[in-house]
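Okay, so here's the structure we're looking at.
Every number in this text was worked out from the coordinates using simple rules, so none of it is lab data. Because the structure is a prediction, the values reported are computed rather than measured. All Cβ positions, even for glycine, are placed from backbone atoms using ideal geometry, and neighbour counts span all protein chains on display.
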Amino acid sequence: MFIDKTVSRRAFLLGTLSATAALAGCVSTRDGMSPSGKPLVAGTPYTEAELNAMYGPLEDNGYMIPAVPWQQIAPQYYRQRVDYETTEVPGTVIVDTPNRFLYLVEENGKAMRYGVGIGRAGFSWGGNGVIKWKQEWPKWFPPQEMIERQPELKEYSEKNGGMPAGLMNPLGARALYIFENGKDTLYRVHGNPEWNSIGKAVSSGCIRMLNQDVIDLYNRVDNLPVKIVVIQ
């Protein structure tokens, strides 16, 4: 049974910073400067210092999450608040798989947008479901179909107790579990240690996020279950 833990002060501060910085991005920045007068990073609503804070090293529940080399990720995939018109109610999660974005719908035509990695051809799920529960630093249980393709994963089967939580666990720092018609789809929105998978189709169907971003999303998604729409 999932028990929500208190968010670490550092994670809270990061989430607050991202929201503040994104709001600043709504201010005219035609001169390439932030309201504080500091230069913005091209193609973003952020300064270099803000990006270093958002994607810097993070201690979380006893794990030290490494910094993300954000300079090597396309700027459109940085976490940011954007204009987003939709008929879905605030709190809905929408995954735009063709464009590699995840949106958390907010009030007044806004959404928090994150870059994601998606399942490669033949390993993706789409449609409407619900995020029924979420977990910090989850264990990973590879599905039987995956074990059949990769027998070396048998040691992490449900029977064998799964893969313990940790920095190299494929589910990363957080996982949000997708259900459809009351059944677990086995697809997750989750963190991952491979920052270079963001914006690509590489996984076995799940929706990958930077660990820093999935922590931010996790802290914003509450009052479960919430609707999730995956557009293919």
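Amide H to amide H distances under 5 Å link Gly162 with Ser157, where only residues 5 or more positions off or on other chains count and H is placed in the peptide plane.
Listed by chain and number, the lysines whose alpha-carbon sits under 24 Å from that of Lys159, ignoring those within fewer than 8 places in the same chain, are Lys132, Lys134, Lys139, Lys183. May I ask for the distance between the Cα centers of region 196-219 and region 113-158, given as a whole number of Å? Taking the Cα centre of each part, region 196-219 and region 113-158 sit 12 Å apart.
Where both bridge residues fall in region 78-232, DSSP classifies roughly 75% of the beta bridges as antiparallel.
The HN-Hα couplings worked out from phi for region 130-141 by the Karplus form 6.51 cos²θ - 1.76 cosθ + 1.60 (θ = phi - 60°) are 9, 8, 8, 7, 9, 8, 8, 6, x, 6, 10, 10 Hz, whole numbers, x standing for Gly and Pro. Ordering of 173-180, 216-223 by packing is 173-180, 216-223, highest average first (other Cβ atoms within 10 Å, averaged per residue). Prolate is the label for region 79-169. Its Cα gyration tensor axes, ordered a ≥ b ≥ c, give a/c of at least 1.5 and a/b above b/c. When peptides 225-232, 156-163 are ranked by their average number of other Cβ atoms within 10 Å per residue, the highest-first order is 225-232, 156-163.
Rounded to whole numbers, the Karplus 3J(HN,Hα) couplings from phi for region 151-158 are x, 5, 7, 4, 5, 9, 5, 4 Hz, using 6.51 cos²θ - 1.76 cosθ + 1.60 with θ = phi - 60°, and x at Gly and Pro. Here the gap between Asp96 and Trp133, fully extended at 0.36 nm per residue and compared with their Cα-Cα distance, gives a gain of 11.2 nm. Packing-based ranking of 128-138, 189-199, 62-72 yields 189-199, 128-138, 62-72, ordered from highest to lowest mean Cβ neighbour count within 10 Å. Under 5 Å from the amide H of Tyr187 lie the amide H atoms of Ile178, each residue being 5 or more positions distant or on a separate chain, with H modelled from the backbone and absent for Pro and chain starts. Our coupling estimate for region 48-60, obtained by passing each phi through the Karplus curve with A = 6.51, B = -1.76, C = 1.60 and θ = phi - 60°, is 4, 5, 5, 5, 5, 6, 5, 10, x, x, 9, 8, 9 Hz, Gly and Pro reported as x.
Looking at the square roots a ≥ b ≥ c of the eigenvalues of the Cα gyration tensor of region 112-232, which shape do they give, rounded for a/c under 1.5, prolate if a/b is larger than b/c, or oblate? It is rounded, given that a/c, with a ≥ b ≥ c, falls under 1.5. Separation of region 61-93 from region 37-57 is 14 Å, based on Cα centroids.
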